[in-house]
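Below: one structure, written as structure tokens.
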Amino acid sequence: MSDSFVTRDHNTLFASGEYKEQVERKRQFENPCSLQEVESTLEYTKTKEYAEKNFAREALVINPAKACQPLGAVLASLGFAKTLPFVQGSQGCVAYFRSHLARHFKEPVPAVSSSMTEDAAVFGGMNNLIEGLRNATALYKPEMIAMSTTCMAEVIGDDLSSFIGNARNQGAIPEDFPIAFANTPSFVGSHITGYDSMMRSMLSYLAERGGAVPAEAPAKEGAVNVVMGFDTYTGDFAEVKRLFSLLGADLTVLGDYSDNLDSPADGEYHYYYGGTTPEQVQAAPGAAGTIFLQKYSTKKTSVMIKEKWNQETVSFFSPIGVAATDKLLAEASRLTGKPIPEELIKERGRVVDAYTDSHPYLHGRRVAMAGDPDFLLGLISFCLEVGLEPVHIVCTNGDKDFEEEANELLKSSPYGIDGKVYIGKDLWHMRSLLITDPVDFVYGSTHMKYAAKDSNTPLIRVGFPIFDRHHLHRYPIIGYQGALNLLTLTVNSVLEKLDEDSPGYNFDLVR
Amino acid sequence: MSTIEKRLPAEKGEALIQELLEAYPEKTRKLRAKHFEVATEENIESSKCSVKSNIKSRPGVMTPRGCAYAGSKGVVWGPIKDMVHISHGPVGCGQYSWGTRRNYQNGVLGVSAFGAMQITSDYQEKDIVFGGDKKLEQMCREITEMFPLAKGISVQSECPVGLIGDDIEAVGRKMTKELSMPVVPVRCEGFRGVSQSLGHHIANDAIRDHVMGKGSLEESTPYDVCIIGDYNIGGDAWASRILLEKIGLRVIAQWTGDGTLNEVSIAHHSKLNLIHCYRSMNYICTTMEEQYGIPWMEYNFFGPTKTYESLRKIAARFDSTIQENAERVIAEYKAEMDAVIAKYRPRLEGKKVMLLIGGLRSGHTIGAYEDLGMEIVATGFEFAHKEEYTRTIKDLENGTILYDDPTAFDLEFLAEKLNIDLMGSGVKEKYVYHKKGIPFRQMHSWDYSGPYHGFDGFKVFARDMDMAINSPVWGLIKKTV
């Protein structure tokens with residue numbers, strides 16, 4: 001059907017002549033810098049001199065690759081059945097957590113706030129907490145509440161334990177209504193710290209509920225628990241379940257938010273779709289062990305399980321690539337006593353076969369990356385096994401332990417020799433690195449797109465958050481299927497660039 | 001296509017609200033009851049609306065509201081492109097509001113424009129214990145090193161700043177002097193007030209105290225106007241400016257979409273301030289009226305009917321040349337607007353729409369929907385005040401439900417009972433409705449589309465509403481195969 005009019009949206013409308021002229025007319029009121037000045041300053045920001053000043057920054061943080069604690073706590077809370085995340089503090093924070101997670105997952109994110117305002121700043125947030133519990137349970141009918149805190153509640157020193165006790169005494173919630181809480185100050189650590197604190201609280205609370213002694217839980221033959229860490233790929237949950245099912249292990253994923261953040265469009269909406277049940281948590285200490293698929297985002301949780309559940313714990317960085325997946329399966333096999341089945345060995349072979357097909361396009365290519373510590377270690381491991389050379393590794397929320405481990409990993413391979421690890425640095429530092437010491441491509445979240453564009457570096461979107469590409473989180477990046485998926489993303493991005501840059505004669509039909 | 005039901009009469013609306021309120025505990029039920037009203041012939045006529053607004057959200061109800069910081073940094077200050085806006089406090093607030101509002105701006109990001117950036121003091125425990133003023137000073141100095149073309153700095157306070165007693169005003173004074181550019185402290189801590197709304201007010205006051213009236217304009221004309229309260233989401237302000245310029249006006253400032261420090265500082269030379277988002281910038285309009293005698297007027301550039309009306313209203317404030325120009329511009333676009341309506345109206349006629357947006361669009365977009373033959377069956381605001389409700393109610397049809405600060409529960413309940421065809425709200429709400437099979441458009445960010453203002457914007461608006469409602473994907477939603 002042809003229209004008598006043309007619809008141009010934001011993508012093309014403003015490129016038309018009359019809008020371009022408008023830009024010029026507007027400039028006379030902007031007192032703008034001259035175009036030459038802008039041009040020369042842009043060039044200056046690409047110099048080594050600027051990079052040095054950039055790295056000399058001590059106070060200013062520009063485009064960090066981290067979020068704050070309660071965001072991680074909300075994500076962890078969503079991993080439990082019929083559990084409503086409740087954040088004690090200002091309400092704006094919860095609006096931000098919900099929208100941030102919704103933009104990544106393209107899913108609803110139910111969470112409530114106690115909406116504290118000035119009077120709560122003076123008198124404390126107890127009344128808000130009590131009324132909040134009464135309202136939230138009446139409206140959203142959770143069977144459990146997972147409570148975390150914003151920096152407001154932390155600065156004024158709200159005492160969650162006694163407030164919750166008072167809520168019970170006042171009948172706002174039944175005496176036995178389960179509530180776990182974690183203090184999650186946003187001025188300490190990052191989203192992975194908040195994830196860890198909430199996971200620890202949820203697991204210890206549920207495992208010890210009703211006077212249960214976790215260390216005395218009945219042994220479960222062939223059973224094993226997995227904690228995923230701050231992993232925003234619902235596809236990763238599916239991959240782990242698939243691997244363990246092929247292994248024949250009785251798997252419990254502790255904190256499984258994959259169903260709550262990947263629900264069907266079938267004409268109905270429910271607040272709660274899935275998640276780990278209290279019964280599963282109570283039985284979990286009886287398993288042969290708990291495997292942590294991230295270690296830096298589960299530091300406190302793993303210590304708690306080891307000590308209180310008296311259980312063997314195994315912690316890895318994200319099992320990205322074949323070698324890391326091999327290690328995971330070996331440990332899972334050892335813990336459960338189940339041999340690794342032929343089918344998985346064949347599948348591994350197929351992934352390696354794919355590696356052999358693609359290696360000529362990867363070998364020796366220089367790579368930069370930014371993100372969370374566990375995820376970066378996994379990516380480094382993947383790079384080293386396919387011949388990619390990690391060069392700039394920026395971890396805003398990385399600590400000394402991470403730095404040391406990343407350096408060890410890099411040193412373990414000739415492909416890691418040029419790798420340099422930057423902890424506490426941000427994506428504006430990364431911009432300087434990409435410009436002054438270019439690489440072939442960069443792995444990172446959507447937030448990396450600015451530095452990637454400024455330096456003309458192709459960006460392969462991996463990590464969190466991914467706002468501007470759809471459905472990547474539905475596909476795994478861990479396990480054998482994750483390795484294949486990441487390989488495909490990577491090699492095709494390289495091939496795409498070859499086509500894009502081709503002057504013509506090498507616009508090859510077969511690659 | 002679903003059959004079009006007759007709109008619920010006022011009594012049915014009242015009964016629905018009563019049923020909804022049953023779910024609340026007693027105290028909250030009593031308080032929430034005051035936030036609803038059903039439009040009746042009587043209150044539409046009298047423009048009387050008793051909806052309570054701009055009061056605290058109840059704890060635990062899943063309010064759609066944000067905070068004062070969101071109203072200041074996210075709305076008012078953030079779009080000023082040649083200033084660096086510090087999210088002062090812990091890392092989160094700036095991270096979550098980084099680039100998500102789509103305030104388009106021309107310029108080189110990180111060199112001459114600083115919009116889609118997250119500049120933060122990333123408070124650590126030691127800053128909470130010892131205070132962050134020294135750090136803030138150092139940050140300001142480092143900003144001039146990193147961004148030599150920045151024209152100024154604003155300090156957008158996050159919750160802890162006000163709680164630990166930092167003196168950002170003193171830092172602002174010291175740094176303004178030292179760096180020879182404005183360093184503006186803004187006390188928009190998230191716990192202040194009840195929503196984004198107080199943040200708007202605080203941000204307006206900071207503009208008044210630190211920027212307004214400080215600039216000079218070389219030559220004035222009788223046709224100088226300012227666009228106030230247009231944040232250039234998806235290019236809205238550009239699609240509006242072009243019409244004002246076509247009728248012969250000279251737009252000397254955009255507040256604040258694609259705006260600059262200079263534009264904010266010369267606005268007091270305007271002959272007439274044109275305000276689109278009344279809620280977020282009425283304060284500065286009344287201030288400029290009091291201090292400089294500049295009159296202001298509201299306009300509405302959503303949908304052709306309101307745009308024609310607004311262009312004529314604006315032109316009426318000027319001479320016959322402008323008035324003739326306005327008629328010529330309207331005539332120039334009318335055929336095209338009629339063609340847009342002729343195409344889309346048959347596809348959208350009678351579709352029932354429910355809206356929940358911030359403080360303007362739940363009322364201002366009604367005309368645009370009606371141009372397409374769509375009906376608003378329920379609407380309301382996150383953070384509006386009484387003025388918005390009394391203005392909106394007169395644009396409603398008998399039986400339309402009005403709500404203030406509705407909870408997720410309220411919206412879901414009403415959407416189901418009213419059997420709506422389209423929901424317009426934000427990203428927190430969006431995916432709930434997708435699950436339910438109810439078409440949805442984000443009406444804060446234009447769902448990554450836009451512009452929606454002006455004639456060019458209406459074409460995009462109509463296309464988007466049509467694609468939302470008439471997409472074949474909804475036909476696949478069912479529980480069986």
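The values are calculated or read from the model by the stated rules, or taken from the named source; none is laboratory data. Remember, predicted model here, so these are calculated numbers, not experimental data. So basically every Cβ, Gly included, is an ideal-geometry build from the backbone, and we count neighbours across all protein chains shown. Quick note on the areas: whole protein, heavy atoms, side chains included, nothing else; ligands and nucleic acids left out. Shrake-Rupley method; radii C 1.70, N 1.55, O 1.52, S 1.80 Å.
Surface analysis of the range B:224-328 yields an accessible area of 25 Å² per residue, using protein heavy atoms and a 1.4 Å probe. Under Stokes-Einstein, with the Kirkwood radius over Cα pairs as Rh, the value for the range B:230-358 at 25 °C and 0.890 mPa s is 151 µm²/s. Computed with every protein chain present, the accessible area of A:K241 is close to 70 Å² [probe 1.4 Å]. Distance from the Cα centroid of the range A:33-80 to that of the range A:329-376 is 32 Å (rounded to whole angstrom).
Counted residue by residue at 0.36 nm each, then reduced by the alpha carbon distance between them, the extension gain from A:E343 to A:E37 reaches 103.9 nm. Computed with a 1.4 Å probe over protein heavy atoms only, the accessible surface of chain A comes to 38 Å² per residue.
Backbone geometry of the range A:403-419 corresponds, through the Karplus equation with coefficients 6.51, -1.76 and 1.60 at θ = phi - 60°, to 3J(HN,Hα) couplings of 4, 5, 5, 5, 5, 4, 4, 4, 5, 6, 9, x, 6, x, 5, 8, x Hz, x marking Gly and Pro.
Bridging of A:K20 to lysines at a Cα separation below 17 Å is possible for B:K246, once same-chain residues fewer than 8 apart are set aside. Within chain B, antiparallel bridges make up roughly 10 percent of the DSSP beta bridges whose residues both belong there.
Per residue of peptide B:244-250, the mean number of Cβ atoms on other chains within 10 Å of the residue Cβ is 1.
Legend: helices of chain B (whole DSSP H runs) are marked when their alpha-carbon atoms reach 30 angstrom or more along the helix axis and their mean Kyte-Doolittle hydropathy is at least 0.5; nothing is marked. Based on alpha carbons, the Rg and Dmax found for the protein assembly as shown are 28.4, 91 Å.
Shown here is the pair-distance distribution of the range A:372-511: with all Cα-Cα distances grouped in 5 Å bins from zero up to the longest one, the shares run 2, 9, 18, 22, 23, 16, 7, 3, 1, 0 percent. Each residue was assigned an accessible area with a 1.4 Å probe, and for B:K417 the value is about 100 Å². Using a cutoff of 8 angstrom between alpha carbon atoms and counting only pairs six or more residues apart, the relative contact order for the range A:218-327 works out to 32 percent. Amide H contacts for A:F467 (H built 1.01 Å from N in the peptide plane; partners 5 or more residues away or on another chain; cut-off under 5 Å): A:T446.
Summed over all non-identical Cα pairs, the Kirkwood treatment of the range B:355-481 gives a radius of 15.1 Å. Model label sites at A:R474 and A:F507, defined 7 Å from Cα along the beta-carbon direction, differ in position by 3.3 nm. With Cα atoms defining each centre, the range B:15-78 and the range A:430-506 are spaced 45 Å apart in the structure.
Using R0 = 30 Å, the C-beta based FRET efficiency linking A:N310 and A:D159 works out to 0.50. For the range B:70-210, lysine pairs separated by 8 or more sequence positions, or belonging to different chains, with Cα-Cα distances below 18 Å total 11. Strictly over 31 Å apart at the Cα level, which of A:K82/A:K308; A:K106/B:K48; A:K66/A:K420; B:K214/B:K428; A:K449/B:K417 would you flag in this model? As for pairs spanning more than 31 Å Cα to Cα, those are A:K106/B:K48; B:K214/B:K428; A:K449/B:K417. Shape verdict for chain B, please, from the Cα gyration tensor: rounded (a/c under 1.5), prolate (a/b greater than b/c) or oblate. Oblate is the answer for chain B, as a/c is 1.5 or above yet b/c matches or exceeds a/b.
Evaluated with a Cβ-only charge set (Lys, Arg +1; Asp, Glu -1), the protein assembly as shown carries a dipole of roughly 660 debye about its Cα centre, given to the nearest 20. Accessible surface of A:D501, taken over heavy atoms with a 1.4 Å probe and every protein chain present, rounds to 90 Å². Taking amide H as placed 1.01 Å from N in the peptide plane, the amide H of B:T400 sits under 5 Å from that of B:A39, each at least 5 places away or on another chain. When each of the peptides B:334-341, B:474-481, A:477-484 is scored by the mean number of other C-beta atoms lying within 10 Å of its residues, the order from highest to lowest reads A:477-484, B:334-341, B:474-481. Rounded to the nearest 5, the antiparallel percentage of DSSP beta bridges internal to the protein assembly as shown is 5%. Ordering B:R312, A:R348, A:R365 by accessible surface, largest first, gives B:R312, A:R348, A:R365; the 1.4 Å probe counts only protein heavy atoms, with every chain in place. Couplings 3J(HN,Hα) of the range A:168-182, computed from phi: 5, 4, 7, x, 5, 9, x, 3, 9, 5, x, 9, 10, 9, 9 Hz, in residue order, whole Hz [Karplus 6.51 cos²θ - 1.76 cosθ + 1.60, θ = phi - 60°; x for Gly and Pro]. With a bin width of 10 angstrom, please list the P(r) values of chain A as percents of all Cα-Cα pairs, from the 0 bin to the one holding the largest distance. Distribution as computed: 4, 17, 26, 25, 17, 9, 3, 0 percent. About its Cα centre, chain B has a charge dipole of approximately 860 debye under the convention of +1 per Lys or Arg Cβ and -1 per Asp or Glu Cβ, with nothing else charged.
Residues whose amide H lies under 5 Å from that of A:F181, counting only those 5 or more places away or on a different chain, are A:M147; hydrogens are built 1.01 Å from N in the peptide plane. Convex hull volume per residue, computed on the Cα atoms of the range B:108-157, equals 78 Å³.
Net charge near B:E158, counting Lys/Arg +1 and Asp/Glu -1 over other residues with Cβ under 12 Å of its Cβ? Counting the neighbours of B:E158, the net charge comes to -1. For the range B:337-406, with all protein chains in place and a probe radius of 1.4 Å, 49% of the accessible heavy-atom surface sits on carbon or sulfur. Once A binds B, the 1.4 Å probe can no longer reach about 9200 Å² of accessible area, counting both sides. Computed from backbone phi, the HN-Hα couplings of the range A:277-285 come to 8, x, 5, 4, 5, 5, 7, 4, x Hz, rounded to whole numbers (Karplus: 6.51 cos²θ - 1.76 cosθ + 1.60, θ = phi - 60°; Gly and Pro given as x).
Keeping the other protein chains in place, figure out the carbon and sulfur percent of the accessible area of the range B:70-210, with a 1.4 Å probe. Roughly 53 percent of what the probe reaches on the range B:70-210 is carbon or sulfur.
Taking 7 Å steps out from each Cα toward its Cβ at B:W474 and A:K241 produces label points 3.1 nm apart. Of the solvent-accessible surface of the range A:236-372, computed with a 1.4 Å probe over protein heavy atoms with every protein chain present, carbon and sulfur atoms account for 51 percent.
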